[in-house]
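> Please find one structure pasted underneath; my questions will follow.
What follows draws every value from the coordinates through simple rules; no lab data is involved. Since we're looking at a predicted model, the values are computed, not measured. Backbone-built Cβ (ideal geometry, glycine too); neighbour counts: all protein chains shown.
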Amino acid sequence: MRLLISLIAGCLFGAGLLISGMTDTTKVQGWLDVFGNWDPTLAFVMGGAIIPMLFAWRMTEHRRPLAGGTFPTMSPPELDRRLVVGSVLFGMGWGLSGLCPGPAIASVTYGGVGGLVFLAAMIAGMYAAPTVGAQLDRTANAA
Amino acid sequence: MQLEWIWGLAGGLLIGLGAAVYLLGNGRIMGASGILGGLVDNSDRTLERLVFVAGLVGMPLLLRPLMSPTPQTHLTGNIAVIIFAGLLVGIGTRIANGCTSGHGVCGISRFSLRGIVATVIYIAAGAITLAVLRHMWGVI
């Protein structure tokens, strides 16, 4: 059951990323390129994706997940150094390449050598993240 | 141009539907960096994560030949930029505990302060990066 749900969700996510044009880095960079040939497509994708989720979060009230367990609790609304620094680093890489994790995975079969190298570097970065995060916490405590 | 917005909206609805299925079905947040990062960290639910990734890779592989013009990634050919950007995305999303799908789609729709702030920050960081590197220095 859980596996079937995961597969269906992955398929919908992959189809959506392809159809929306979000695996095309020129479209994503076009959205971020406010001083260039600005492309608003990403806002429509994000808006479109948020609509079903608004209903989904409502439906989580007084209910349990279909496959059992509990729904994820909301993290306390704390803005820590990790959230800010991590998002800055992510945004820089996103702007440089036009790829975020979803499209990087989804386009791996047609992104050529560059796409494979990006995915490998991203996975290497994920391996390094706990070390970098711990370093960040140390400098936070020292300050 | 107008057609691209409609495709964007249609694709976005599919993405949101996937996130809704994942949430209401498995009780989990559909975040690409979290699902892949969990595999990297060798945390729980390995098979679920692998099956999700299989769908995420498989569906574009199946659908792409049906689309006209055939979608391309248009990724830069500069390998140094690709490696540097990939490292930044990998480290950044894991430190911030989310990316465009987790903080963006799932966080904003829940009115999560962390999700909204993260999204504003990474969009601003991306826009500034492009403004400086493309328009000031002309290097990308």
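> Name, by its number, the condition in (1) under 26 Å from A:SER87 (Cα atoms); (2) assigned to a helix (DSSP H, G or I); (3) more than 7 Å from chain A (Cβ to nearest Cβ) that does not hold for B:ASN42.
(2)
> For A:SER97, state whether it is under 18 Å from B:LEU87 (Cα atoms) and either in contact with a strand residue (DSSP E or B) (Cβ under 7 Å, 6 or more places away or on another chain) or of a type in the set (Ser, Thr, Tyr) (or both).
yes
Conditions tested, residue by residue: (1) under 18 Å from the mean Cα position of the chain (by Cα); (2) under 30 Å from B:MET136 (Cα atoms); (3) surrounded by fewer than 22 Cβ atoms within 10 Å (Cβ to Cβ); (4) among the aliphatic types (A, V, I, L, M).
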{"site": "A:THR26", "(1), (2), (3), (4)": "yes, yes, yes, no"}
{"site": "A:ASP39", "(1), (2), (3), (4)": "no, yes, yes, no"}
{"site": "A:MET46", "(1), (2), (3), (4)": "yes, yes, no, yes"}
{"site": "A:MET59", "(1), (2), (3), (4)": "no, no, yes, yes"}
{"site": "A:ARG64", "(1), (2), (3), (4)": "no, no, yes, no"}
{"site": "A:GLY69", "(1), (2), (3), (4)": "no, no, yes, no"}
{"site": "A:PRO72", "(1), (2), (3), (4)": "yes, no, yes, no"}
{"site": "A:PRO76", "(1), (2), (3), (4)": "no, no, yes, no"}
{"site": "A:ARG81", "(1), (2), (3), (4)": "no, yes, yes, no"}
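> Sort through B:THR70, B:THR93, B:THR129, B:THR46 and tell me the only one that's surrounded by fewer than 22 Cβ atoms within 10 Å (Cβ to Cβ), among the polar types (S, T, N, Q) and within 20 Å of A:LEU42 (Cα to Cα).
Exactly one of B:THR70, B:THR93, B:THR129, B:THR46 is surrounded by fewer than 22 Cβ atoms within 10 Å (Cβ to Cβ), among the polar types (S, T, N, Q) and within 20 Å of A:LEU42 (Cα to Cα), namely B:THR70.
> Which one of these is surrounded by 19 or more Cβ atoms within 10 Å (Cβ to Cβ), in contact (Cβ under 8 Å) with a residue 12 or more places away in the chain, aliphatic (A, V, I, L, M) and within 7 Å of chain B (Cβ to nearest Cβ): A:ILE5, A:ILE19?
Sole residue among the options that is surrounded by 19 or more Cβ atoms within 10 Å (Cβ to Cβ), in contact (Cβ under 8 Å) with a residue 12 or more places away in the chain, aliphatic (A, V, I, L, M) and within 7 Å of chain B (Cβ to nearest Cβ): A:ILE5.
> Out of region B:96-128, which residues are in contact with a Leu (Cβ under 8 Å, 6 or more places away or on another chain) and of a type in the set (Ser, Thr, Tyr)?
B:SER109
> Being free of Cβ contacts under 8 Å to residues at least 40 places away in the same chain and closer than 25 Å to B:TRP137 by Cβ is true for just one of A:VAL117, A:VAL132. Which residue is that?
A:VAL117
> Pick from B:GLY18, B:GLY31, B:GLY12, B:GLY8: which is buried (at least 22 other Cβ atoms within 10 Å of the Cβ), in contact with a His (Cβ under 8 Å, 6 or more places away or on another chain) and of a type outside the set (Asp, Glu)?
One residue alone meets the criteria, B:GLY31.
> Just name the residue that is farthest from A:VAL117 (Cα to Cα) out of those in region B:46-75 that are part of a loop (DSSP other than H, G, I, E, B) and facing chain A (nearest Cβ under 7 Å).
Ranking the qualifying residues of region B:46-75, first place goes to B:PRO71.
Let's see how each residue does on (1) touching a Pro at 6+ places or on another chain (Cβ under 8 Å); (2) more than 7 Å from chain B (Cβ to nearest Cβ); (3) among the aromatic types (Phe, Trp, Tyr):
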| site | (1), (2), (3) |
| --- | --- |
| A:GLY69 | no, no, no |
| A:ASP80 | no, yes, no |
| A:SER87 | no, no, no |
| A:GLY91 | no, no, no |
| A:ALA106 | yes, no, no |
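> Across region B:1-27, what is the total count of residues that are at the interface with another protein chain (Cβ under 7 Å from one of its Cβ atoms) and in a loop (DSSP other than H, G, I, E, B)?
Number satisfying all stated conditions: 1.
> Which of the residues belonging to region B:96-122 are facing chain A (nearest Cβ under 7 Å), assigned to a helix (DSSP H, G or I) and buried (at least 24 other Cβ atoms within 10 Å of the Cβ)?
Passing the criteria: B:THR100, B:SER101, B:GLY104, B:VAL105, B:CYS106, B:ALA118, B:TYR122.
> Answer yes or no: is there a residue in region A:47-54 that is under 17 Å from B:LEU3 (Cα atoms) and free of Cβ contacts under 8 Å to residues at least 12 places away in the same chain.
yes
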